[in-house]
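A short write-up of the structure that comes next.
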Amino acid sequence: MSFLFGSKPDKTALAELIEDGRSLFDDEMKKIKYRQYEGAEPILHIAVRVLPPNEPPFEARMKVGISCSFLLKQGVRVQVKYDPKHKDTVILDDDDQAILGRNPQLIKK
């Protein structure tokens with residue numbers, strides 16, 4: 001198979017949020033352009049510390065849609081996908097139930 005058609009060597013790992021996604025969402029929604037916005041879902045870039053197994057941790061920016069930001073508080077652990085050659089940006093690879101299961105502090109009692 002040619003290198004042009006090969007898939008990216010993505011890896012998954014847990015990451016801990018360094019920034020609060022809720023406050024980033026609030027700041028983003030205060031912008032004038034969102035008063036009557038009808039475009040694609042805005043993307044936030046949240047600082048995280050990625051904790052890959054058998055590798056040293058590293059910091060990156062996680063790309064995530066604003067619809068997922070309500071669970072993304074500082075200190076929450078999520079699963080991310082990243083390219084080992086380009087560790088500066090990672091992508092959220094988790095669903096709400098898995099995030100809640102991994103982070104019991106998010107569940108109100």
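Please treat every number below as a calculation from the coordinates, not as lab data. The model shown is predicted, which means the values in this text are computed figures rather than measured ones. Cβ: placed from backbone, ideal geometry, glycine included. Neighbour counts: every protein chain shown.
Relative to the current alpha-carbon distance between residue 70 and residue 26, full extension at 0.36 nm per residue lengthens the span by 14.8 nm. For the chain, the mean residue ellipticity at 222 nm estimated from helices alone is -4000 deg cm²/dmol, where every DSSP H run of n ≥ 4 contributes -39500 (n - 2.57) and the total is divided by all residues, rounded to the nearest 500. Under a Cβ-Cβ cut-off of 13 Å, what is the net charge of the residues other than residue 99 that fall near it, where Lys and Arg count +1 and Asp and Glu count -1? Computed value for this residue: -2. Here the mean projected area of the convex hull built on the C-alpha positions of the chain is 9.3 nm². Summing charges over all other residues whose Cβ lies under 13 Å from the Cβ of residue 79, with Lys and Arg as +1 and Asp and Glu as -1, gives -2. Backbone geometry of segment 70-76 corresponds, through the Karplus equation with coefficients 6.51, -1.76 and 1.60 at θ = phi - 60°, to 3J(HN,Hα) couplings of 5, 8, 9, 8, 4, x, 6 Hz, x marking Gly and Pro.
Summary value for segment 11-106: 34 percent relative contact order, contacts being C-alpha pairs under 8 angstrom separated by 6+ residues. About its Cα centre, the chain has a charge dipole of approximately 160 debye under the convention of +1 per Lys or Arg Cβ and -1 per Asp or Glu Cβ, with nothing else charged. Amide H to amide H, with H built 1.01 Å from N, residue 19 comes under 5 Å of 47, counting only residues 5 or more places away or on other chains. Potential lengthening of the chain between residue 95 and residue 109 amounts to 2.9 nm, from the contour at 0.36 nm per residue minus the alpha-carbon distance.
Compared with the direct C-alpha span, the chain from residue 88 to residue 63 gains 7.9 nm at full extension, assuming 0.36 nm per residue. Working note: Karplus 6.51/-1.76/1.60 with θ = phi - 60° gives segment 29-35 the couplings 6, 6, 5, 4, 5, 9, 5 Hz, where Gly and Pro are set to x.
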